[in-house]
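Undergrad: This is the structure I have questions about; it appears just below.
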Amino acid sequence: MGLAASHRMFNEALSFASRNERKLGAGLFAFGFLTDLLTFTLLPLSVINIFFASYLVLAAVCTFGANVMTRFALNETWWRKTLTVLFPLGVQYALGGLLSGFVVFYASHSVVAVSWPFLALLAVVYFGNEYFRKQREHLIFQTILFFFALYAYAIFALPLIIGSIGPWIFVGSTLAALLLFALFLWLLRLVNQARAKENLRPIAVITLAITLLVSGAYFTGVIPPLPLALAESGIYHAVARTPSGYSLKTEGERSWWEFWAPTLHVVPGSPLYAYSAIAAPASFGSTVVHRWEYLDGRGRWITESRIAFPITGGRQGGYRGYSAKENLAEGNWRVSIETSGGQVIGRIGFMVENTPFAPALQTVTR
């Protein structure tokens, strides 16, 4: 194949990519989502953090490049035409990878009944990417999408660096994201002052709105306490710590497809035990709370007791602990496994049915 033919094929491919940038961008966005969905649940947290950081750098470089390329016409040079097409596609792939990673974590490491508003926000961001069609609006949305990903990453990464979680660490994550984004906008203004000035006001307004929305979600417990994750949990009739692990007495092991709340048969006055194993990175310390709640006749969850204990990270199966509750009334119960700040790590639902005789029990070791 001659040089002229290769050049012609390259121009045809570039022209096709330019005409179909929206469709190709959506495909790369979805591809980034799919690859993370298939791999992020299998990788250790340290490797996942590297992926997140790499995606974020790629998104920053390509978002910056896409805004810079708006200064040049498509018919100037071949490399400018190429970068004008490739930068937006790179943004789509990187942001698709970031958002998919966040969705995987929030969906698999949270209580959907609690965190669904934030999951819905991620879905809105995903589909909103296809809604903005005009070039000016698309670049604004692209920049805002980068801030959203930067903010979500800061919330995830700073606790890993410090080795703890809490309101002040979240405030630090917010400030770090805002400062880095301000630096990013300042660099954009240096290379394309007219366009940056034109779009600065809507970007600033939407950035402020996102900050307030995410902050409200955090302080109302909607955002789960990453990087903490519930590895295992259950309600048992007895729990004892042994040299080989925890000995748990249960009425029977549940199958994977039994997703509904189990019914536990309890002799009045006998205790039940909530057992949980919480996965956390090495050198990570926090406090976990078991909140025992009862559903009253008005459909309200009433806190009956709140038992706190410290945890440390590093154990592959998660840090294990338990709490006990006596004199449980018949009806619907749940144990919310929370941080000291009220963020829900996991939740165990169950029914209590009184019985005059103790049920037959099996012993399992964890």
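Computed from the coordinates by the stated procedures, all read-outs in this text should not be read as laboratory data. Keep in mind it's a predicted model, so treat the numbers as computed, not measured. Please note: Cβ atoms are built from the backbone with ideal geometry, for glycine as well, and neighbour counts cover all protein chains shown.
Undergrad: Note down the magnitude of the dipole of the stretch 258-311 about its Cα centre, charges +1 on Lys and Arg C-beta and -1 on Asp and Glu C-beta and zero elsewhere, to the nearest 20 debye.
TA: Details: 4 positive and 4 negative charges, 33 e Å.
It works out to roughly 160 debye.
Undergrad: A follow-up question, please. Sorted by average packing, counted as other Cβ atoms within 10 angstrom per residue and highest first, what order do 236-249, 264-277, 152-165 take?
TA: Details: 236-249: 14.5, 264-277: 17.9, 152-165: 19.7.
In descending order of packing, they fall as 152-165, 264-277, 236-249.
Undergrad: In nm, to one decimal, how far is the modelled label at Leu295 from the one at Lys197, with both set 7 Å along Cα→Cβ?
TA: A separation of 6.1 nm, rounded to one decimal place.
Undergrad: Quick one: net charge of Arg347's neighbours, Cβ under 11 Å, K/R +1, D/E -1? Could the numbers behind the result be given before it?
TA: Values: positive: Arg291, Arg334; negative: Glu293, Glu338.
The answer is 0.
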